[in-house]
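See structure below.
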Amino acid sequence: MDFISSIVGKIIDYSVGPVGEQFGYLVLYKSSIATLEKKFQRILKKNEAVQQSVNGAQWNHEVATSEVKTWLTNVEKKIEEIQKFLEEDVKANKMCLNGWCPNLKLCYSLGKKAQKNTRAIVELLLEEECGKYASPYNHAPPREVRSSSTDQSFKDFESRKSTIQNVLNDLKNEDIDTIALWGMGGIGKTKLAKEIERRVKSEDLFHKVAFATVSQSPSLTKIQAELAESLGTRLQAEFLRGRANELYSILTENKNENVLVILDDVWEPLDFEAIGVYHAVQEKSCKILLTSRNEETCNAMKTQKIFPVELISEEEAWNLFIEMVGDYINASDLISIAKQVEKECARLPLAIAVVGSALRNKRTKNDWKDALQQLKRSRPQDIYGLQEKVYSIIGFSYNYLRSDDYKSCFLLCCLYPEDHDVPIEHLVRYGVAKRFSEGLDTVEETRVHVHAIVKNLRRLNLLLNSHKKECVKMHDVVRDVAISIVSKEENGFMVKLDKGLKDWPPTDRSYDSYTAISLLLEEMKGHPTELKCSKLQLLQLLCLNHSTTFPDNFFNGMKELEMLSMKKGCFSSTSLPLSIQILKNLRMLNLQSCRLGDVSTIGTLGNLEILGFPNSRIEELPLEIGNLSRLKLLDMKGCNSLKRIAAGVLSGLSRLEELYVGGFKNWGCTTTMEGNGEVTNNNASLAELTPYSSKLVVLEINVPSILCWPKHLHFSHSDFRFKINIGGGYSVVWRDEEYLFENTLGLKMEDASDLEEHQTIRSLLKKAVLLKLEIGKIRRHELEYPLIWNSTDSIEITLTTQDQKQNVSEAENQTKMWSLFPHNLIGSFGNLQQLSACQCDLLEVIFELEGLNAEESNIFNNLTVLDLRFLPKLLHIWKKGPREIKGFNYLRELNVTECHSLKCLFTPSIVKLLVKLEKIIVFSCKEMEEILAKESGDEENRDVIAFPLVKRLLLVNLPKLEWFYTEDNHALEWPSLNIIQIIGCPKLKMFVSTSTKTPKLKGVHMKRGAFQPMIEGDINATIQHIIKEKGFNDPWTPKDVLGF
């Protein structure tokens, strides 16, 4: 038969297409099946590799792109389909096919299916192997800042409650898709929109909320990016139309979910279709809430409902004023004049907040009289969209600032575009160059000082909180006033940031009069040939497009320049302009997101103290940079193209206090642990830091191997902070805008015994507050040895081990389980906030509680997140221990994934400790039989078991799960539970066997959007109904799981 097949195969090669193909299905069915089986094994391995890569990326705070998720989903579907084909169709008919009288129809069918499936596999393999997904991962969105039940900064004015409720009602109305809040600047529209966002989330009116700030000069790509980030992803397309298609796909991806899109501060009509939301609105996948100062704008956008936001009432205005200044005013002789001051604020919330904050705890009548006089006599110039009264009020508050440092920080914020997230670190570096406050010896001391100033400016309502870490925002009304202030001063600012200028802007006054210039340009062109700025101290340029030329004489007229910041397209040439050498007074140089070639000219700027190339494309830091003997800070964050730091650069920077080079790995390493071997390349080595390591205050660095760490490199400064990753892996996340990081150490090594030779690394272990260990070989005595477990101030610990061997006898293994936290060390981790354990193949117990003294125990009360993944031998999370134990009172999230030896999650005595638990996720644990297990001696106990704050419960792919809790001696209460999803639990018999209260639960989610509403309000009856319908038995894919 095989011989005949080979002959016929040759015939088919010469047959006419369709006929030959159909004949091939029949004759070559065996070889087709064999080929399919080979390809099937290949796709299985590839699927496993990609999935492992996705899992690894999660530990680097990255998430797979939608394309990768789609590929995995398609592969899993195809694997399921082929598995069924091979196990059922092929295997079941094998006897018949092996006979001498094969069923020709069946042979044809099997051959055709085999070839079709083989082609599908080849296509999937090609998609992955040809690099179709150039950027397979996005940075995961940061955890949303946890808020209380109400926003503390939101004032719940009685006069606005009806507006909020009417908006919420209209959002529930299927016929209304677009709603607007309309009112003057400073009236409180943004606060109102954010309160509506909070209410929408708390009441689960929408599955997701996306928020974007539009501003006076909107960037549609920026709006798209903000909306995508709010939804937990990033857009990959470069141009507007492609990004719009991506955003549309995100908004409509799940037909069972809806999204509320909030667009804040809309000045002119927006093109919803260009952004990517129009068709999503038409398809009822999303609704839009916008805020605007202009009612005509709302009408032009065909907004269905427009709600005016009015001035607050006189009573509300007075109460807010009292809250701002302090209630002492009611019992003083100042009440009469205070009411006059409050009247000047004209019932405008922003004005009341600003003036009240400035006068807080001012107890002398002269202070109040002076304030009233200033407010009454102010005659401000006309500013578009801004009432004169508001201008005078903010100008008054600025004049009340107590020091020049405060005023400088405030005014520096207006150098950034409207609604921009201003990095506080920029203000820090300007502060160093401007010599903020005498007596600040280090950059870190200036950083502390500036953050304190910013905090007070926020308290004074002159600055606003930003949703981005280490950033601050300036209200657009306040920014208008700040620009007006600096424009009137003799040595003023030029700020032109509304739109990208095509040419260098003309001015009605001499450039010679400016001390600061901040411009947003299309590209560097059209500048005056003789640009004379003899008083200019600060120049900040942002170019949208990459400039092909940069004039060599550009800096000739700026000899007094102290601070220079150039971003994005300012440089695209191979070298910097020669005139930069003239800037001998330059103290701060920031070249951000630029394309840079040779930067050796910078080495001539002998007074430079701050040098940054954040996110720039630069390949080499040349030897000349080592001439900067006064340099205090070198920032190379995000310089992923950096290949070489010339040997000798760091040894020349004798005054260096802060070094940020987290993205650079090519350090010169020695070939021996002692550090006396040959250097492996011609790059700088860490040994260059040794002579002045006692002066280092901040270090962010990535070291490829422990062999690259000099044995005698020590850090002794009392304020020393660090983010250090040694050995690669997924240990440490490098965030471009993060400068206030906690002490962080990521350590990947083959053998834990290597630590014995490194006193400095052991010292860093003690000081780390975020510790991540990935250890290839770790022995039981080393896990218990204080060499590792002595980090008493740890905030987060991630432990990963990979070794499959134990250096202990079998007898010892039987008598003592391997615990992550033995009872005698548990007390050392009082500050631990997050615990992640992954791929620790020998770990059997997380918390060994046996042996604890119940009266003295109050353990892990700062732990909020417990994340356990891929722990194949884990038997207990909490093992034994006294019933009266205290602790774990602030645990909010419990995630358990692929712990295949774990049979239950916890016991009633542990549940009673978890009073703050909000989320329970149990995923793919093959031996899990029940979630809540009974404990000995509990038979007569009839107490209610409560999960007071648990809102979400996810149980997925638990093939042996039979019940949540089988005993009938405890009633269960879930007062906050509003989402439960159960998938892939074919043996589930019941939820619990006793009464269960779930007042907020509306039903049970299953796979692919299937939902079973509650039956008679009883979770047990609802789940029994699903079991009868076999709703938990169907195959599933990760796409079926809700976005927890």
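The values are calculated or read from the model by the stated rules, or taken from the named source; none is laboratory data. Just so it is clear, the model here is predicted, and its values are computed rather than measured. When we count neighbours, we look across all protein chains shown, and the Cβ atoms used for this are built from the backbone with ideal geometry, even at glycine. Accessible surface is based on the protein model in full, side chains and every heavy atom, while ligands, DNA and RNA are left aside. Shrake-Rupley method; radii C 1.70, N 1.55, O 1.52, S 1.80 Å.
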- Task: Identify all residues within the stretch 251-281 that are touching a residue at least 12 places away in the same chain (Cβ under 8 Å), in a helix (DSSP H, G or I) and under 21 Å from Glu174 (Cβ atoms); write none if there are none.
- Result: Leu251, Thr252, Phe272, His279, Ala280, Val281
- Read through the list (1) surrounded by 22 or more Cβ atoms within 10 Å (Cβ to Cβ); (2) assigned to a helix (DSSP H, G or I); (3) among the polar types (S, T, N, Q); (4) over 22 Å from the mean Cα position of the chain (by Cα), then give the number of the only condition that Asn299 fails. (1)
- Having 2 or more residues that are open to solvent by less than 60 Å² (accessible area, probe 1.4 Å) is the bar; report the strands (runs of 3 or more DSSP E) wholly within the stretch 932-1028 that clear it. 952-956, 979-983, 1003-1005
- Task: Sort out which residues of the stretch 453-474 are part of a helix (DSSP H, G or I) and open to solvent by less than 10 Å² (accessible area, probe 1.4 Å), and write them in order of number.
- Result: Ile453, Val454, Leu457
- Message: Against the definition (open to solvent by less than 40 Å² (accessible area, probe 1.4 Å), at pLDDT below 95, among the acidic types (Asp, Glu) and touching a helix residue (DSSP H, G or I) at 6+ places or on another chain (Cβ under 8 Å)), how does Glu688 come out, yes or no?
- Response: yes
- Item | the stretch 333-352, residues that are open to solvent by 10 Å² or more (accessible area, probe 1.4 Å) and out of contact with any Leu (no Cβ under 7 Å at 6 or more places or on another chain) | Asp333, Ile335, Ser336, Lys339, Glu342, Lys343, Ala346, Leu350
- Query: Only one of (1) surrounded by fewer than 21 Cβ atoms within 10 Å (Cβ to Cβ); (2) in contact with a His (Cβ under 9 Å, 6 or more places away or on another chain) fails for Asn556. Which number is that?
  - Reply: (2)
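What residue, of Asn258, Asn294, Asn254, Asn245, is in contact with a Cys (Cβ under 9 Å, 6 or more places away or on another chain), of a type outside the set (Asp, Glu) and open to solvent by 30 Å² or more (accessible area, probe 1.4 Å)?
On the way: Asn294 fails: in contact with a Cys (Cβ under 9 Å, 6 or more places away or on another chain); Asn254 fails: in contact with a Cys (Cβ under 9 Å, 6 or more places away or on another chain); Asn245 fails: in contact with a Cys (Cβ under 9 Å, 6 or more places away or on another chain).
Testing whether each residue is in contact with a Cys (Cβ under 9 Å, 6 or more places away or on another chain), of a type outside the set (Asp, Glu) and open to solvent by 30 Å² or more (accessible area, probe 1.4 Å) leaves just Asn258.
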- Query: From the list Asp476, Asp508, which residue is closer than 25 Å to His451 by Cβ and at pLDDT below 85?
  - Reply: Asp476
- Being open to solvent by 10 Å² or more (accessible area, probe 1.4 Å) and without any contact (Cβ under 8 Å) to a residue 60 or more places away in the chain is the filter here, so list the residues in the stretch 616-636 that pass it. Arg617, Glu619, Glu620, Pro622, Leu623, Glu624, Gly626, Asn627, Ser629, Arg630
- Among the numbered criteria (1) open to solvent by 10 Å² or more (accessible area, probe 1.4 Å); (2) at pLDDT 95 or above, which single criterion is violated by Ile179? (1)
- Note on the structure: Checked against (1) open to solvent by 50 Å² or more (accessible area, probe 1.4 Å); (2) within 21 Å of Leu544 (Cβ to Cβ), Leu220 satisfies every condition except (1)
- Query: What tally of residues in the stretch 31-46 results from selecting those that are within 37 Å of the chain's Cα centre (by Cα) and more than 12 Å from Ile82 (Cα to Cα)?
  - Reply: 3
- Message: As an exercise: evaluate Gly188 against (1) touching a Phe, Trp or Tyr at 6+ places or on another chain (Cβ under 9 Å); (2) open to solvent by 60 Å² or more (accessible area, probe 1.4 Å); (3) modelled with pLDDT under 90 and give the number of the one condition it does not meet.
- Response: (2)
- Item | Count of residues meeting criterion [closer than 20 Å to Val698 by Cα, open to solvent by 20 Å² or more (accessible area, probe 1.4 Å) and not in a loop (DSSP other than H, G, I, E, B)] in the stretch 637-659 | 2
- Residues located in the stretch 602-611, provided they are crowded, with 22+ Cβ neighbours inside 10 Å and either closer than 14 Å to Gly662 by Cα or in contact with a helix residue (DSSP H, G or I) (Cβ under 6 Å, 6 or more places away or on another chain) (or both): Ile610
- Can you name the condition, by its number, that Gly99 falls short on among (1) more than 30 Å from Val733 (Cα to Cα); (2) modelled with pLDDT of 60 or more; (3) not polar (S, T, N, Q)? (2)
- Query: What single numbered condition from (1) free of Cβ contacts under 8 Å to residues at least 12 places away in the same chain; (2) of a type in the set (A, V, I, L, M); (3) assigned to a helix (DSSP H, G or I) fails to hold for Ile483?
  - Reply: (1)
- Task: Identify the residue in the stretch 568-601 that is in a strand (DSSP E or B) and at pLDDT 90 or above and, among all such residues, is most open to solvent (accessible area, probe 1.4 Å).
- Result: Asp598
- Task: Give the residue, chosen from Glu624, Glu657, Glu620, that is within 21 Å of Met563 (Cβ to Cβ) and modelled with pLDDT of 90 or more.
- Result: Glu657
- Task: Kindly indicate whether any position in the stretch 486-501 is touching a strand residue (DSSP E or B) at 6+ places or on another chain (Cβ under 6 Å) and open to solvent by 70 Å² or more (accessible area, probe 1.4 Å).
- Result: yes
- If Lys772 satisfies every condition in (1) at pLDDT 60 or above; (2) charged (D, E, K, R); (3) under 24 Å from Ser716 (Cβ atoms) but one, which is the exception? (3)
- Task: For Asp421, work out the one condition from (1) open to solvent by less than 50 Å² (accessible area, probe 1.4 Å); (2) in contact with a helix residue (DSSP H, G or I) (Cβ under 8 Å, 6 or more places away or on another chain) it doesn't fulfil.
- Result: (2)
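Looking only at the stretch 600-615, which residues are of a type in the set (Val, Ile, Thr) and in contact (Cβ under 8 Å) with a residue 60 or more places away in the chain?
Ile610
Taking the condition part of a helix (DSSP H, G or I) and in contact (Cβ under 8 Å) with a residue 12 or more places away in the chain, does Thr233 pass?
Working: part of a helix (DSSP H, G or I): no; in contact (Cβ under 8 Å) with a residue 12 or more places away in the chain: yes.
Taking the combined requirement at face value, the residue does not satisfy it.
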- Which condition number does Ile877 fail, the rest of (1) modelled with pLDDT of 90 or more; (2) in contact with a Ser or Thr (Cβ under 9 Å, 6 or more places away or on another chain) being met? (2)
